Amino acid sequence: MQAQDKKLFTLEDLNFGGTNYHNMRPENRYTTWWGDELVHLDVESVYLINKEKVTETLLFTLEDINKWAGLEGENAVRGLLSATFPYSGKSLVLVSNKAKRMLVDFKAKTLVWSQERKGSLEWNAKSKADAYLDKDNLFVRTEDGKTTQLSTDGSREIVYGQSVHRNEFGIEKGTFWSEDGKKLAFYRMDQSMVADYPQVDLFQREAKHDPDKYPMAGMTSHKVTIGVYDIDTQKTIYLNVGDPTDRYFSNITWSSDGKSIYLYELNRDQNDCTLDEYSAENGEKIRTLYREKDDKYVEPLHPIAFIPWDKQKFLMWSQKDGYMHLYLASPPALTHTPMLSTSDFPRREGAGSSSGNLHLRQLTKGNFVVDEILGFCAKTKSVIIRSNEANPLQMNLWSVNIETGKRTMVDKGKGVHKGKLSESGLYIMDSYSEPTVPHNIDILFTTNKKPVRYLTAKNPWEGYQVPEYINGTIKAADGVTDLYWRMVRPADFDPNKKYPTVVYVYGGPHAHNVDASWHWASRSWETYMAQKGYILFILDNRGSENRGKEFEQVTFRHLGQEEMKDQMCGVNYLKSLPYVDADRLGVHGWSFGGFMTISLMTNYPDVFKVGVAGGPVIDWKWYEVMYGERYMDTPQTNPEGYEQTSLLNKAKNLKGRLQIITGMNDPTVVPQNCLMFLNACSEAGTQPDFFAYPGEGHNMKGHKSVHLHERITRYFEDYLKTHPQPLP
């Protein structure tokens with residue numbers, strides 16, 4: 001098929017809100033583990049997979065489940081994609097309708113148990129107890145349906161059982177069941193002292209005040225405590241953490257016997273972190289196990305993980321050696337004397353422990369980062385992890401022997417992998433892609449047996465005019481560090497022509513744009529723009545993730561500055577290419593990328609002719625406490641940094657065409673940012689354009705995302721492709 005005969009993409013094909021997007025994604029299959037048995041989930045049917053032969057046997061259908069459970073009409077279970085098998089060796093499947101969760105025995109063909117699920121936060125399979133919210137208050141519902149109210153003062157100001165500290169420090173939820181499901185730890189967040197940001201609900205006959213609690217950098221933050229409810233005693237206690245003012249608590253973990261709770265405590269300056277043990281019976285602090293300090297910041301993101309076959313030991317995460325790695329910790333026997341805490345415990349390679357100190361042995365080591373613990377394999381005495389050891393652009397699955405530290409790669413060694421581990425740790429469902437591989441699923445064996453292919457997805461873009469996706473490196477502004485880039489070129493690319501070029505940028509912490517997944521992780525909008533005759537260039541600058549502590553922390557106290565220097569190294573590379581039209585350079589980004597877009601437009605006003613900035617931070621004093629102060633400290637302690645990075649005093653430098661877009665109810669980067677930049681521009685006499693989405697948050701949802709990306713595209717079409725010169 002000739003290129004001109006192939007189909008063109010639309011945003012309905014490429015954007016996640018588009019009407020045809022589901023047909024343009026690589027094929028996938030939903031799977032789950034039933035102990036060590038692998039199960040294929042579909043909307044209407046569930047199949048048991050033979051891991052050796054990759055054949056499937058029908059277990060039951062949706063019609064079966066509804067028949068056995070006596071459900072029909074509005075009460076029927078609607079699909080089976082979320083079904084789980086919580087009990088290894090038992091033929092019980094957990095399914096839900098709008099009102100209840102149910103255990104159905106698919107061999108006996110009968111409903112064996114059900115429970116209301118209204119307001120559910122977290123269910124425990126062992127005790128069948130459920131933590132739930134009702135009118136902002138926290139309740140526990142036991143297996144037999146009895147409920148206990150744990151709080152009475154819940155409100156928008158006193159928040160129970162939900163994520164705290166604005167989802168920083170690895171926090172994703174607010175309830176934590178003990179291993180046996182008999183005790184519940186939960187967060188209580190008092191944010192009554194936090195200022196309201198005055199959001200407005202415009203979708204009323206008369207606009208209604210609908211504020212968000214938003215603690216800005218340097219201002220009063222909320223206070224968090226941790227409660228513990230015991231089902232057997234029906235009593236609630238709170239951990240005696242002392243005054244919670246300006247302290248963060250994260251990564252709550254239970255001991256296997258349910259007697260202790262472990263958590264990380266971090267000071268507001270985020271440079272002093274301790275791992276502490278508390279009694280779950282009386283709430284008193286038992287001891288400090290570990291302490292870590294850093295001149296810039298410490299960021300606890302992961303809970304400790306106890307070794308299943310030796311529950312006196314656990315794995316702990318730290319990047320104190322420069323990269324995020326795992327350490328095997330062996331606490332000494334508990335005494336009445338509090339354990340000594342130091343800023344850096346000895347890293348000894350031998351066995352055993354020394355008196356008074358947490359024995360800490362580094363388990364993984366090297367110039368790479370450990371990204372995830374999938375779980376453990378008792379047979380091989382190993383932890384199964386995901387890391388980028390093979391290549392900074394890859395993520396591979398490894399088995400690491402707990403005793404020796406020997407690492408064995410268990411996947412095929414290319415691409416970006418994501419795995420789900422079976423109960424014993426002997427098997428992994430490995431979902432991955434490579435730059436030229438849309439999506440494959442392999443069944444892996446952690447005993448190093450040859451993988452078995454379960455799914456080879458077809459290319460969903462077959463028959464379309466697909467752009468070129470290429471990858472390479474340049475040196476950072478420090479002249480030493482390699483930075484990875486992706487370029488997207490039109491399908492009919494001609495090196496003898498000159499093309500308008502758009503730099504897409506994010507550049508902030510905890511994110512990257514370039515990796516060895518399909519099309520080098522290209523965003524679908526880049527494909528759409530390449531189809532319209534643009535080159536897209538994407539560079540991961542210093543400050544982004546997965547390259548080690550020094551790489552990340554170079555931006556400390558002056559966000560955007562080193563990042564811009566690196567992005568300009570990318571621009572200089574572009575200018576060296578004969579097919580890049582240096583007079584038609586544009587830039588686009590969202591969130592931190594919106595901040596970077598306006599930073600580049602105003603710091604290098606003669607370079608970028610057109611920019612589109614979405615949800616931009618304009619001044620870090622308007623961003624929230626936890627993230628903002630980690631990277632910038634406070635406006636009071638770092639006034640020079642806040643002044644240097646603020647875009648308000650750069651508004652006068654704007655020369656090119658700039659469109660700013662925001663969700664008018666953005667709870668993450670509040671609209672005050674872009675509105676005050678517009679004010680600064682009006683005072684300076686510069687002329688940005690502005691578009692707002694009423695009722696939308698930090699990202700546009702549903703089909704509005706299609707509208708958004710068409711608007712972004714049109715702006716470049718109107719002002720970069722046909723009008724390369726800046727406005728007078």
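The HN-Hα couplings worked out from phi for the range 571-580 by the Karplus form 6.51 cos²θ - 1.76 cosθ + 1.60 (θ = phi - 60°) are 5, 4, 5, 4, 5, 7, 8, x, 8, 9 Hz, whole numbers, x standing for Gly and Pro. Residue ranges 499-511, 471-483 sort as 499-511, 471-483 when ordered by packing (mean number of other C-beta atoms within 10 Å per residue, highest first). Averaging the sequence gap over all C-alpha pairs within less than 8 Å and six or more residues apart, then dividing by the number of residues, gives the chain a relative contact order of 9 percent.
Rounded to the nearest 20, the Cβ-based charge dipole of the chain about its Cα centre (Lys and Arg +1, Asp and Glu -1) stands at 1220 debye. Under a 5 Å amide H cut-off, with hydrogens placed 1.01 Å from N, His359 pairs with Ser330, Ser354 among residues at least 5 apart or on other chains. Solvent-accessible area of the chain (1.4 angstrom probe, protein heavy atoms only): carbon and sulfur portion equals 47 percent. Protein heavy-atom accessible surface, 1.4 Å probe, per residue over the chain: 42 Å². Can you list the lysines whose alpha carbon is less than 19 Å from that of Lys6, not counting same-chain residues fewer than 8 positions off? Leaving aside lysines fewer than 8 places away in the same chain, those within reach of Lys6 are Lys458, Lys532. Bridges between two residues of the chain, per DSSP, are antiparallel at a rate of about 85%. Among the listed pairs Lys182/Lys223; Lys549/Lys650; Lys285/Lys381; Lys98/Lys146; Lys259/Lys420; Lys98/Lys182, those whose Cα-Cα separation exceeds 22 Å are Lys182/Lys223; Lys549/Lys650; Lys285/Lys381; Lys259/Lys420; Lys98/Lys182. 3J(HN,Hα) couplings calculated from phi for the range 583-600 with the Karplus curve 6.51 cos²θ - 1.76 cosθ + 1.60 (θ = phi - 60°) are, in sequence order, 8, 10, 9, x, 8, 8, x, 10, 6, 4, x, x, 4, 5, 4, 5, 4, 5 Hz; Gly and Pro show x. Cross-link partners of Lys721 among aspartates and glutamates, defined as those whose alpha carbon lies under 19 angstrom from its own and excluding same-chain residues fewer than eight positions apart: Asp492, Asp494, Glu526, Asp581, Asp583, Asp606, Asp689, Glu710. Here's the list of lysines a cross-link from Lys565 could span, going by alpha-carbon distance under 16 Å and ignoring same-chain residues fewer than 8 apart: Lys475, Lys575. Taking amide H atoms as placed 1.01 Å from N in the peptide plane, the amide H of Tyr693 lies under 5 Å from those of Thr662, Gly663, Met664, each 5 or more residues away in sequence or on another chain. Derived scalar couplings between HN and Hα for the range 142-156 equal 8, 3, 8, x, 6, 10, 10, 8, 8, 9, 10, 10, x, 6, 5 Hz in order, rounded to whole Hz, by the Karplus curve 6.51 cos²θ - 1.76 cosθ + 1.60 (θ = phi - 60°), x for Gly and Pro. Around Gly614, which amide H atoms from residues at least 5 apart in sequence, or from another chain, sit under 5 Å from its own amide H, with H modelled in the peptide plane? Close amide H contacts, sequence-distant or interchain: Gly589, Trp590, Ser591, Gly594, Ile661.
The values are calculated or read from the model by the stated rules, or taken from the named source; none is laboratory data. It should be emphasised that the depicted structure is a prediction, and the values quoted were computed from it without experimental measurement. We place every Cβ from the backbone using ideal geometry, glycine too, and count neighbours over all the protein chains shown. Side chains included, ligands, DNA and RNA excluded: accessible areas come from the protein's heavy atoms. Shrake-Rupley method; radii C 1.70, N 1.55, O 1.52, S 1.80 Å.
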